[in-house]
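Step one of this worksheet: look at the structure below.
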Amino acid sequence: RLADTTTIGAYTFPFDVSVAFEGRPTVAKQRPVNGAFWQALNVKATQGRVLTPDDDNPAAPATVLLSHRFWWSFFNEDPTVIGKPI
């Protein structure tokens, strides 16, 4: 039996983007997803939060979710970067 509600996650193919944090530039892979993507996969964040459908609102602030690999390699797993602009 299917649940009464269905969650559909959507994504596009990744592409390279230039990002900088506190004056340090780098290139990262960006994979845009909709706000329900992580909920559809039942994925939880280990730090901070995942995107939600509220993030799909054009008036919502731009939000990114870092992969563990990128957080480890570029931010040295520093938990204080959560919530800061890149």
With the first residue restricted to the range 39-51 and required to be in contact (Cβ under 8 Å) with a residue 24 or more places away in the chain and farther than 13 Å from residue 68 by Cα, and the second required to be open to solvent by 50 Å² or more (accessible area, probe 1.4 Å) and outside any loop (DSSP other than H, G, I, E, B), Cβ contacts under 9 Å at 6 or more apart or on different chains are 39/53
Flagged pairs (Cβ under 7 angstrom, 6 or more apart or on separate chains; first in the range 75-86, closer than 15 Å to residue 46 by Cβ; second of a type in the set (A, V, I, L, M) and exposed (fewer than 12 other Cβ atoms within 10 Å of the Cβ)) are none
A careful count of residues in the range 21-50 that are open to solvent by less than 50 Å² (accessible area, probe 1.4 Å), among the small types (Gly, Ala, Ser) and within 18 Å of residue 81 (Cβ to Cβ) gives 2
Q) Do we find a residue being among the polar types (S, T, N, Q) and open to solvent by 70 Å² or more (accessible area, probe 1.4 Å) anywhere in the range 51-65? A) yes
*acidic (Asp, Glu) and surrounded by 10 or more Cβ atoms within 10 Å (Cβ to Cβ) - does that describe any residue in the range 72-82?*
yes
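The values are calculated or read from the model by the stated rules, or taken from the named source; none is laboratory data. The model shown is predicted, which means the values in this text are computed figures rather than measured ones. A quick note on method: Cβ atoms are made from the backbone with ideal geometry, for glycine too, and the neighbour counts reach across all protein chains shown. Ligands, DNA and RNA are excluded from the accessible area calculation, which covers all protein heavy atoms including side chains. Shrake-Rupley method; radii C 1.70, N 1.55, O 1.52, S 1.80 Å.
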